[in-house]
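In what follows, a single structure is set out as C-alpha cells and then discussed.
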Amino acid sequence: MAELQHRPPGTTTVLADLAAGTDVWQARVHQGQSLAGPFELYGTVQLQDRRHRPSPSYTHALVHILRTSPARPSTEQLHHQAARAAALEAAATVWLGGQAAVEQPPPQAVADVPEPRTESAPVELSPAKAEGDPHRAISEASQAGRHTEAASIAAACEQAARRSHGTQSTEVAHWTEVRAFLALQEGVPDRACQLWLQAAVVRMLADQPEDHPEVAEAVDRAHHAWHLVSDPARIRELGTELLSLRTRVTGKSGARADVQRRLANLSRALQP
C-alpha cells in the first residue's frame, strides 16, 4: 500500500484479496479492520497459519460477477456481492469495505432460502429491451426487483443464441450463466445451481476443455449455490449431478470429497 500513499484522494480504488500471518492478521483486527490511505479500499484479509490455508475465493467471485453480471455494478456493490459469494470462514477473515466491514450472512440463514416460485405467465418484452441492449435491460429489471422480467429477457436471449449459434455453444452457456446469477440474486439457489451445472456441460460440449477457467468457474459456482440449498430432495438430486461433474472438473483440493461428505451425511440423516 505504500506505493499508493501519494495518490490524490478520490482517484484510486483498491480491491484486495490478501493472506496474512498471525501477527499481521491480528494487527489488522486491532486496527479496526482498515488499512489507511488516500484511496477507497475493498476486499479481504484471510488468516494463514497451520490450520488455515486461504484460497483466492474473493478474487474468483469478483471475476465471475464481472463476467456474468448483465451490467457492471458499482465497486461497493461488486465488493458486497463478492463477499457474499466467496463464503469465507468468518472467524479467520477480516473484511475491508470502505468505512465498514462486510457482514456475512449467518450459516443458519440457509434454512430460510425460499423455494422456487411458479410463474403464472411469461412477461411481455418490448422489442427495444429484448433486442437493443439486453444486458442493460436485465440489470435494470433485476435491480428494481422485477426478477421475472429479468429472467425472461435472459431466457429470450438464450433462445436467440441457441438459434444463431447452436445448442452446444459458449454463447448459450453465457446466457445460462446470466440466468443462474439472477436466480442466486433472487434467492433461489437450487435453480442457480442447476443452471450453472447446465452451463458447465454446455461449455464442455462446445469444446472447452475440462480445465478451462470458464468451465471450472461454472462448476465452482454451482458447488457454492448447492451449499445454499436446504431441501433434502434437491440436495440429493443436484449433489449427484455435481459429484459426477467433480470427477472431471475436480476444482480445488477436497472439492469432490466435500460433495461426497454432504451426500453421505444427508443419507444418514434421512435413515429411519
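For the pair residue 12 and residue 252, a Förster radius of 22 Å applied to the C-beta separation gives a FRET efficiency near 0.10, rounded to the nearest 0.05.
Annotation: amide H of residue 17 within the under-5 Å range of 44, sequence separation 5 or more or interchain, hydrogens built in the peptide plane. The solvent-accessible area of residue 266, taken with every protein chain present and a 1.4 Å probe, is close to 20 Å².
State whether the range 209-272 is rounded, prolate or oblate according to the following rule on the C-alpha gyration tensor (a ≥ b ≥ c being the square roots of its eigenvalues): a/c under 1.5 gives rounded; otherwise a/b larger than b/c gives prolate, and the remaining case gives oblate. Prolate. Given their separation in residues at 0.36 nm each and the Cα-Cα distance between them, residue 50 and residue 133 gain 24.9 nm when the chain is fully extended. When the residues 74, 55 are ordered by accessible surface, computed with a 1.4 Å probe over the protein chains alone, the sequence from largest down reads 74, 55. Computed in the context of the full set of protein chains, the accessible area of the range 193-272 at 1.4 Å probe radius has 52% of its extent on carbon or sulfur.
The values are calculated or read from the model by the stated rules, or taken from the named source; none is laboratory data. It should be emphasised that the depicted structure is a prediction, and the values quoted were computed from it without experimental measurement. For neighbour counting, all protein chains shown are included, and Cβ atoms are generated from backbone atoms with ideal geometry for every residue, glycine included. What goes into the accessible areas is simple: the full protein's heavy atoms, side chains included, and nothing from ligands, DNA or RNA. Shrake-Rupley method; radii C 1.70, N 1.55, O 1.52, S 1.80 Å.
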